[in-house]
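The values are calculated or read from the model by the stated rules, or taken from the named source; none is laboratory data. Because the structure is a prediction, the values reported are computed rather than measured. All Cβ positions, glycine included, derive from the backbone under ideal geometry; neighbour counts span all protein chains shown.
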Amino acid sequence: MSTRQTDRTEVAARLAGAVGRINRRARTDSASLGYGIISALATIQAHGPLRPGDLSRIEVVTKPTMTRILTELEQRGFIAREADPTDGRAFMVSATEDGIAAVEEARSRRTGLVAELIEELPADDVAAIAQALDALERVAQGRTAQENASSDR
């Protein structure tokens with residue numbers, strides 16, 4: 001890459017590849033909940049109660065996919081349904097205590113696995129990753145720097 005101008009396409013390609021490899025390496029055994037299920041449950045925990053349609057928009061998945069995820073979460077006792085107070089035909093979902101515990105356990109396990117991956121890196125590399133985290137988190141949330149600054153006010 002040129003030091004004069006950052007090639008955003010090259011950065012995007014390298015970032016996508018690195019994130020994909022890290023995700024594959026950080027996955028736990030197949031008996032645990034999948035990433036999509038944990039992601040939806042974490043979103044419900046953070047922003048719930050939510051309508052399924054709102055959750056599918058936040059998670060960027062189709063409504064049929066979200067229906068399957070919610071069915072599994074409900075069968076495991078990780079979410080509860082409640083009537084939507086503004087629309088009697090609709091329902092909202094919220095995380096149960098077991099659901100919150102499942103999110104925390106998954107986060108802890110994933111954090112431990114990623115910590116193992118970066119354990120042998122030199123301190124300068126860890127500092128560079130740490131410095132990039134704010135921007136990466138904005139990208140992950142689909143927010144620009146301006147949107148982030150205005151929501152902090």
Tally of residues being modelled with pLDDT under 95, closer than 30 Å to Arg25 by Cβ and acidic (Asp, Glu) across the stretch 73-110: 2
Number of the condition not met by Ser39 [criteria: (1) at pLDDT below 90; (2) within 21 Å of Ala115 (Cβ to Cβ)]: (1)
Test result for Val126, over 20 Å from the mean Cα position of the chain (by Cα), surrounded by 11 or more Cβ atoms within 10 Å (Cβ to Cβ), in a helix (DSSP H, G or I) and of a type in the set (A, V, I, L, M, F, W, C): yes
Residue ID - nearest to the chain's Cα centre (by Cα), chosen from residues in the stretch 77-99 that are in a loop (DSSP other than H, G, I, E, B) and over 16 Å from Thr43 (Cβ atoms): Gly77
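When the residues of the stretch 60-88 are narrowed to those that are of a type in the set (Gly, Ala, Ser) and under 22 Å from Ala101 (Cβ atoms), which ends up surrounded by the fewest Cβ atoms within 10 Å (Cβ to Cβ)? Explain how you work it out, then say what you get.
Kept after step one, since they are of a type in the set (Gly, Ala, Ser), are these residues of the stretch 60-88: 77, 80, 83, 88.
Cutting the leftovers down to under 22 Å from Ala101 (Cβ atoms) gives us 77, 80.
Numbers: Gly77: 12, Ala80: 17.
Per the stated criteria, the residue is Gly77.
On the basis of being touching a residue at least 24 places away in the same chain (Cβ under 8 Å), in a helix (DSSP H, G or I) and either on the phi < 0 side of the Ramachandran plot or among the aromatic types (Phe, Trp, Tyr) (or both), does Ala102 make the cut? Step through it out loud before you land on a result.
On the way: touching a residue at least 24 places away in the same chain (Cβ under 8 Å): yes; in a helix (DSSP H, G or I): yes; either on the phi < 0 side of the Ramachandran plot or among the aromatic types (Phe, Trp, Tyr) (or both): yes.
When the stated conditions are applied, Ala102 passes them.
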Meets criteria (of a type outside the set (S, T, N, Q), out of contact with any helix residue (DSSP H, G or I) (no Cβ under 6 Å at 6 or more places or on another chain), at pLDDT 95 or above and crowded, with 19+ Cβ neighbours inside 10 Å) for Ile44: yes
Meets criteria (farther than 13 Å from Pro49 by Cβ and touching an Asp or Glu at 6+ places or on another chain (Cβ under 7 Å)) for Gly88: no
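Please specify each residue of the stretch 81-133 satisfying the condition of being hydroxyl-bearing (Ser, Thr, Tyr) and over 30 Å from Leu15 (Cβ atoms). Before you say what the answer is, go through the steps one by one.
Step one: of the stretch 81-133, the residues hydroxyl-bearing (Ser, Thr, Tyr) are 86, 94, 96, 108, 111.
Those that are hydroxyl-bearing (Ser, Thr, Tyr) and over 30 Å from Leu15 (Cβ atoms): Thr86, Ser94, Thr96.
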Boolean, Ala132 is part of a helix (DSSP H, G or I) and at pLDDT below 95: yes
Residue match in the stretch 48-59 (condition: β-branched (Val, Ile, Thr) and closer than 17 Å to Ile100 by Cβ): no
Residue within the stretch 77-94 that is among the aromatic types (Phe, Trp, Tyr), touching a helix residue (DSSP H, G or I) at 6+ places or on another chain (Cβ under 8 Å) and in contact (Cβ under 8 Å) with a residue 40 or more places away in the chain present: yes
Matching option when the condition is within 22 Å of Ala101 (Cβ to Cβ) and part of a helix (DSSP H, G or I), among Gly36, Gly17: Gly36
